[in-house]
Amino acid sequence: QVQLVESGGGLVQPGGSLRLSCVTSGNMFSINDMAWYRQAPGKQRELVAAVSTGGKTHYADFVKGRFTISRDNAQNTTVYLQMNRLKPEDTAVYYCNTDPSRITSLLLGYDYWGQGTQVTVSS
């Protein structure tokens, strides 16, 4: 069974930190690059950060120096996003998926996303 379960979101003040987790099930995630995406109200989903199977990372310019992505491939691949120095504009629902996300769709034959985790940055 293929599953993506994101957690760790919440309400935080500007300048605060959160650590998001994404627990996966299904072999497809351990053999693919993974990424965190986010979608703010009224906006399209965008890539935040990605990590290859070998641990190489890349980040969107708007989070460079503030966010850190990592992965643990033991048993069930888990992908983490450490978010520091959060800003109000980081408010969004955060999702994890393969990088690029269309890999999941191609392998499953349908578009699949987890439920996401809400991050709200507000004073």
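Can you name the number of the only condition in (1) part of a loop (DSSP other than H, G, I, E, B); (2) open to solvent by less than 70 Å² (accessible area, probe 1.4 Å); (3) under 26 Å from Ser123 (Cβ atoms) that Gly42 fails?
In the conditions (1) part of a loop (DSSP other than H, G, I, E, B); (2) open to solvent by less than 70 Å² (accessible area, probe 1.4 Å); (3) under 26 Å from Ser123 (Cβ atoms), Gly42 misses (2) alone.
Can you tell me which residue is nearest to Asp90 (Cα to Cα) among those in region 45-63 that are open to solvent by less than 20 Å² (accessible area, probe 1.4 Å) and not in a loop (DSSP other than H, G, I, E, B)?
For region 45-63, the residue satisfying everything is Val48.
Gln82 passes all but one of (1) crowded, with 18+ Cβ neighbours inside 10 Å; (2) over 15 Å from Leu4 (Cβ atoms); which number fails?
Unmet condition: (1).
Tell me, which residue of region 85-118 that is hydrophobic (A, V, I, L, M, F, W, C) and under 11 Å from Ala35 (Cβ atoms) is most open to solvent (accessible area, probe 1.4 Å)? Spell out the reasoning first.
Within region 85-118, the subset hydrophobic (A, V, I, L, M, F, W, C) is 86, 92-93, 96, 103, 106-108, 113.
Checking the rest, the ones that are also under 11 Å from Ala35 (Cβ atoms) come to 96, 103.
On the way: Cys96: 0, Ile103: 40 Å².
In this case the residue turns out to be Ile103.
If a residue has to be polar (S, T, N, Q), at pLDDT 95 or above and within 20 Å of Gln44 (Cα to Cα) to count, how many in region 58-107 make the cut?
Residues in region 58-107 being polar (S, T, N, Q), at pLDDT 95 or above and within 20 Å of Gln44 (Cα to Cα): 2 in total.
Can you name the residue in region 1-20 that is surrounded by 13 or more Cβ atoms within 10 Å (Cβ to Cβ) and either modelled with pLDDT under 95 or aliphatic (A, V, I, L, M) (or both) and, of all such residues, is nearest to the chain's Cα centre (by Cα)?
The extreme case among them is Leu20.
Which of the residues spanning region 64-87 are under 18 Å from Gly15 (Cα atoms), part of a loop (DSSP other than H, G, I, E, B) and without any contact (Cβ under 8 Å) to a residue 24 or more places away in the chain?
Those that are under 18 Å from Gly15 (Cα atoms), part of a loop (DSSP other than H, G, I, E, B) and without any contact (Cβ under 8 Å) to a residue 24 or more places away in the chain: Lys64, Gly65, Arg66.
If you check every pair at least six apart or on different chains, which have Cβ atoms under 7 Å apart with a residue in region 95-112 that is more than 16 Å from Cys22 (Cβ to Cβ) first and a residue that is modelled with pLDDT of 95 or more and exposed (fewer than 15 other Cβ atoms within 10 Å of the Cβ) second?
none
Quickly run through region 7-38 and pick out the residues that are within 16 Å of Asp99 (Cα to Cα), in a strand (DSSP E or B) and touching a residue at least 60 places away in the same chain (Cβ under 8 Å).
Scanning region 7-38 gives Cys22, Thr24, Met34, Ala35, Trp36, Tyr37, Arg38.
The values are calculated or read from the model by the stated rules, or taken from the named source; none is laboratory data. These figures come from a predicted structure and were not determined experimentally. Cβ atoms come from the backbone with ideal geometry, glycine included; neighbour counts cover every protein chain shown. To get the accessible areas, we keep the full protein, side chains included, count just its heavy atoms, and leave off ligands, DNA and RNA. Shrake-Rupley method; radii C 1.70, N 1.55, O 1.52, S 1.80 Å.
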